[in-house]
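> Here it is, the structure, as structure tokens.
The values are calculated or read from the model by the stated rules, or taken from the named source; none is laboratory data. Since we're looking at a predicted model, the values are computed, not measured. All Cβ positions, glycine included, derive from the backbone under ideal geometry; neighbour counts span all protein chains shown.
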Amino acid sequence: MPRREPVRQRRSPTRQPRRTILIVVGADRTEADYLKGLRDHFKAATVAMRIVAKPGSPDQLVQHARDCFDRDQFDEVWCVTDVDHYEREGGKVTAAVALAAKSGIDLAVSNPCFEIWLLLHRETCASPCVNCDAVLRKLRKSLPAYDKTRLRFADFAAGLPAAIDRAQRLDLTGIDHTRNPSAGVWRLINVILEQQ
């Protein structure tokens, strides 16, 4: 009678615990649409992103993240905001930076606006931008169909590695909100992508 090999039990694959990131964005659509598109594109199985839109100034955004969410429910808390006109109107970005540091919240600040991050997916931009309208004009030259109310991540997906590289060259730390142009969003994107 032939000898039977013992049946080996298959081990179920081990999965890293799913990390949770709260991301509070300072606009109704653009940033949230981009981040949702990123999540869907990469299907980051080890990261759960909760994206909350809270229009308002950068300091209000950080205050909202600090006061309205149980910090213990998330591995990381991020706020995504613009410098735009907020720094001229009472130093609201500087106030947000200080409050975030005290509260254990990370900031991804774009100067002058989030569209600089989008532009970096398509081209280098090292010259200061007067305001968000100037960035939008540059972005629309590269992507004429761009509409901030209907952002399609597919328009930017291929340029993501270049955007990270270009943004790092503008600000190696990713935390200097006074640099124009700059986009600290690359730090958040790296956190999300490293978790895959």
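> Could you please let me know if Lys138 is modelled with pLDDT under 95, among the basic types (Lys, Arg) and surrounded by 15 or more Cβ atoms within 10 Å (Cβ to Cβ)?
It is false that Lys138 is modelled with pLDDT under 95, among the basic types (Lys, Arg) and surrounded by 15 or more Cβ atoms within 10 Å (Cβ to Cβ).
> Let me ask something else. Take region 74-131 and flag every residue that is among the β-branched types (Val, Ile, Thr) and touching a strand residue (DSSP E or B) at 6+ places or on another chain (Cβ under 8 Å).
Val77, Val80, Thr81, Val83, Val93, Val97, Ile105, Val109, Ile116, listed by residue number.
> Out of curiosity, is Ala167 touching a strand residue (DSSP E or B) at 6+ places or on another chain (Cβ under 7 Å) and either of a type in the set (Lys, Arg) or surrounded by 18 or more Cβ atoms within 10 Å (Cβ to Cβ) (or both)?
Spelling it out, Ala167 is indeed touching a strand residue (DSSP E or B) at 6+ places or on another chain (Cβ under 7 Å) and either of a type in the set (Lys, Arg) or surrounded by 18 or more Cβ atoms within 10 Å (Cβ to Cβ) (or both).
> I would also like to ask the following. Counting just the residues of region 145-169 that are part of a helix (DSSP H, G or I), of a type outside the set (Gly, Ala, Ser) and out of contact with any helix residue (DSSP H, G or I) (no Cβ under 8 Å at 6 or more places or on another chain), which one comes out nearest to Val25 (Cα to Cα)?
Only one residue tops the list, namely Asp155.
Okay, residues lined up against (1) within 17 Å of Val191 (Cβ to Cβ); (2) modelled with pLDDT of 95 or more; (3) in contact with an Asp or Glu (Cβ under 6 Å, 6 or more places away or on another chain); (4) charged (D, E, K, R):
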site: Lys43; (1), (2), (3), (4): yes, no, no, yes
site: Val47; (1), (2), (3), (4): yes, no, no, no
site: Val83; (1), (2), (3), (4): no, yes, no, no
site: Arg88; (1), (2), (3), (4): no, no, no, yes
site: Val93; (1), (2), (3), (4): no, yes, yes, no
site: Val97; (1), (2), (3), (4): no, yes, no, no
site: Lys102; (1), (2), (3), (4): no, yes, no, yes
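> Identify all residues within region 22-74 that are exposed (fewer than 15 other Cβ atoms within 10 Å of the Cβ) and in contact with a Lys or Arg (Cβ under 8 Å, 6 or more places away or on another chain); write none if there are none.
Hits for region 22-74 are Ala45, Thr46.
> Test Arg187 against the criterion of being closer than 20 Å to Asp84 by Cα, crowded, with 16+ Cβ neighbours inside 10 Å and either more than 12 Å from the chain's Cα centre (by Cα) or of a type outside the set (Lys, Arg) (or both), and give yes or no.
no
> Taking Ser12 and the conditions (1) over 22 Å from Val130 (Cα atoms); (2) modelled with pLDDT of 90 or more, which numbered condition does it fall short on, given that it satisfies the others?
(2) is the only condition that Ser12 fails.
> Related question: Would you confirm, using the coordinates I've provided, whether Gly159 is surrounded by fewer than 20 Cβ atoms within 10 Å (Cβ to Cβ) and touching a His at 6+ places or on another chain (Cβ under 9 Å)?
So Gly159 passes the test.
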